[in-house]
Amino acid sequence: MDTNKIRVIAFYLPQFHPTPENDRWWGKGFTEWTNVGKAKPLFKGHYQPKVPADLGYYDLRVPETRIEQAEMAKAYGIEGFCYWHYWFGNGRELLKRPFEEVLKSGKPDFPFCLGWANHSWEDKQFSKDGTHRMLMEQLYPGDEDYIRHFHSVLPAFKDHRYIRVEGKPVFLVYSAFELPDAPHFIALWQKLAAENGLKGIHFIGHTANIEDIEPMKEMGFDAVNLVRLFHFFKRDYSLAERVRLKIMKLFFKRGQAVEYSRAAKYFSGKEDLREDCYPTIIPNWDHSPRSGRKAHILINSTPEKFEKHVRTAFSHVKDKPEEHRIVFLKSWNEWAEGNYMEPDLKYGKGYLEALKRAITDFSNKEQL
């Protein structure tokens, strides 16, 4: 790790390849590109569909694609990928092939860590009785399953590419409060880590709420990843606006289109100054390929506006110890959320170039 650099870790979605489960639930050949490709503009000036440029509509079963992604990320200053990892209990996994092949092949030679996406999968379309169809339920069967889970990821933890903090492999948990007994889970894994020659595990809790920081620390998490994507609703909306928003959502199933600049003002905050808080940088958000008119959508994001937000986030971590200058990037390739850094036909590598400028300036200032 270059100690003069910020540690930008990008969330990575492995959904871009067919699986038997998705074939069964959504139809033969379904991948995330299915949602991306069918998206329609919902209002004048709405940028949809979003079309990939340099990497195309890739398939993550192809090694060359994974290598090209890593080379691109590295060239623009990203330290590594945080692959979303799906363990539903009782040994049930989904979308594991891309990361398994990265691990087994040794390619790409690019840092990585794992983020446990510990939430159930549901069909968000309501049935006649008003419920969601459960596709894969997240379960917590107990210690035997926790131990099995640990040993399934142990080869990754021991890999030389694995991202570490103070020598400990990073493991992020998406829904910390869903764990039935998080302190027990963390203590068990820390014990297993020591027994298997590791210095420990650097546990990171993932949350959208500032109020969760202290409870997560009390659970045993070493750090917290804050994602303030929708904080503008709390901080920048009047009571009347919030009431209107709730009415539109409940009765008309409509989301809200919001200026990116208005939202981005609240993507960072004073909590990010803490050594144990890792902020999140966000290039854009548009969930409409999955949610249609129910989606909240950020509009008029540009590389220049993103760069301004990134520089603010970096300013909050500049005085931290080198290993804790971590900033999560949401995301590398969440195309169906309009939340990606990979080149598209509209902006090309514009967002990557904006990120690199901010990283380069940070590094140069550190060297002065």
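Separation between the Lys246 and Lys356 pseudo-spin-labels, each 7 Å from Cα along Cα→Cβ, expressed in nm?
Calculated label separation equals 4.7 nm.
Starting at 0 and stepping by 10 Å, how many percent of the alpha carbon pairs of the range 228-281 end up in each bin?
Histogramming the range 228-281 at 10 Å steps yields 22, 43, 25, 10, 1 percent.
What is the local net charge at Gly167, summed over the other residues whose Cβ is closer than 13 Å to its Cβ (Lys, Arg +1; Asp, Glu -1)?
Its environment carries a net charge of +1.
Could you state the number of Å between the C-alpha centres of the range 83-111 and the range 230-282?
So the separation of the two Cα centres works out to 32 Å.
Under 10 Å, Cα contacts only: if you run a Gaussian network model on the chain, which one of Leu198, Leu172, Leu345 comes out with the highest mean-square fluctuation?
Of Leu198, Leu172, Leu345, the most mobile in the Gaussian network model is Leu345.
Which of the listed residues, Thr360, Leu103, Val165, is farthest toward the dipole's positive end in the chain, when Lys, Arg count +1 and Asp, Glu count -1 at the beta-carbon?
Thr360
Looking at the range 57-134, send over the antiparallel percent of its DSSP beta bridges, to the nearest 5.
Around 45 percent of the beta bridges assigned by DSSP in the range 57-134 are antiparallel ones.
Restricted to Cα positions, what overall size does the range 261-354 have along the principal axes? Three whole-Å values, descending.
The principal-axis extents, from largest down, are 41, 28, 21 Å.
Quickly work out the Val62-to-Ser315 label distance, labels modelled 7 Å from Cα along the C-beta direction, and quote it in nm with one decimal.
Taking the simple label geometry, Ser315 and Val62 are separated by 4.2 nm.
Hydropathy first: keep DSSP H helices in the chain averaging at least -0.5 on Kyte-Doolittle, then drop any whose Cα extent along the axis falls short of 15 Å, and list what survives.
182-195, 239-252
Which aspartates and glutamates, if any, have their Cα less than 20 Å from the Cα of Lys253, not counting same-chain residues under 8 positions apart?
Glu122, Asp123, Asp129, Glu241, Asp286, Glu337
List, in the order given, every pair from Lys104/Lys308; Lys74/Lys305; Lys234/Lys270 whose Cα-Cα distance in the structure shown is over 28 Å.
Pairs exceeding the cut-off: Lys104/Lys308.
Rounded if a/c is under 1.5, else prolate if a/b beats b/c, else oblate: with a ≥ b ≥ c from the C-alpha gyration tensor eigenvalues square-rooted, which is the range 1-145?
The shape class here is oblate.
Order 13-23, 111-121 from most to least packed using the mean count of other Cβ atoms within 10 Å.
111-121, 13-23
Can you send over the carbon and sulfur percentage of the accessible area for the range 47-94, probe radius 1.4 Å, protein chains only?
Its accessible area is 51 percent carbon and sulfur atoms.
Given the options Ile147, Ile281, Ile299, which has the most mean-square fluctuation in a GNM of the chain, springs set between C-alpha atoms less than 10 angstrom apart?
Residue with maximal mean-square fluctuation among Ile147, Ile281, Ile299: Ile147.
Mind jotting down a quarter of the surface of the convex hull over the alpha carbons of the range 172-270, in square nanometres, one decimal?
The orientation-averaged projected area of the Cα hull of the range 172-270 comes to 8.6 nm².
Based on alpha-carbon atoms only, what is the radius of gyration of the chain relative to the globular estimate 2.2 N^0.38 Å?
My calculation over the Cα atoms of the chain gives 0.97.
I'd like to know how the range 1-69 sits against the 2.2 N^0.38 Å rule of thumb: what's its Cα Rg over that expected value?
It is 1.46.
Net charge within 11 Å of Ala75 by Cβ-Cβ distance, Lys/Arg positive one each and Asp/Glu negative one each, not counting Ala75 itself?
0
Please list, or write none, the lysines whose alpha carbon is within less than 16 Å of the alpha carbon of Lys168, excluding same-chain residues fewer than 8 places away.
Partners within reach: Lys158, Lys191, Lys199.
With Cβ to Cβ distances under 10 Å as the rule, what net charge do the other residues near Phe221 carry (K, R +1; D, E -1)?
-3
With each run of n ≥ 4 DSSP H residues scored as -39500 (n - 2.57), what mean residue ellipticity at 222 nm is computed for the chain after dividing by its residue count and rounding to the nearest 500 deg cm²/dmol?
Helix-only estimate at 222 nm: -11000 deg cm²/dmol.
Which residue, Ile67, Ile247, Ile213, tops the fluctuation ranking in a GNM of the chain built on C-alpha contacts under 10 Å?
Sorting by GNM fluctuation, first place goes to Ile247.
For Asn333, enumerate residues with amide H under 5 Å from its amide H, sequence gap 5+ or separate chain, H modeled in the peptide plane.
HN-HN under 5 Å from Asn333: Leu13, Met341.
Under a 1.4 angstrom probe, counting protein chains only, how are Thr280, Thr360 ranked by accessible area, largest first?
Thr360, Thr280
If eta is 0.890 mPa s and T is 25 °C, what Stokes-Einstein diffusion coefficient results for the range 27-109, Kirkwood Rh from Cα pairs, in µm²/s?
Reported coefficient: 160 µm²/s.
What is the diffusion coefficient of the range 115-203 in µm²/s, taking the Kirkwood radius over Cα pairs and the Stokes-Einstein relation at 25 °C with a viscosity of 0.890 mPa s?
167
First compute the accessible area of the range 224-300 with a 1.4 Å probe, then give the percent of it belonging to carbon and sulfur atoms.
58
Give, in nm to one decimal, the length gained when the segment between Tyr266 and Lys5 is fully stretched (0.36 nm per residue of separation minus the Cα-Cα distance).
Gain on stretching Tyr266 to Lys5: 91.6 nm.
Compute the accessible area per residue over the range 147-290, keeping the other protein chains in place, probe 1.4 Å, unit Å².
On a per-residue basis, 45 Å².
Report the gain in length on full extension from Glu322 to His132: 0.36 nm times residue separation, minus Cα-Cα distance, nm rounded to one decimal.
63.9 nm
The values are calculated or read from the model by the stated rules, or taken from the named source; none is laboratory data. These numbers come from a predicted model, not from an experiment. Heads up, the Cβs are rebuilt from the backbone with ideal geometry, glycines too, and the neighbour counts pull from every protein chain shown. Protein only, heavy atoms only, side chains kept; ligands, DNA and RNA dropped before computing areas. Shrake-Rupley method; radii C 1.70, N 1.55, O 1.52, S 1.80 Å.
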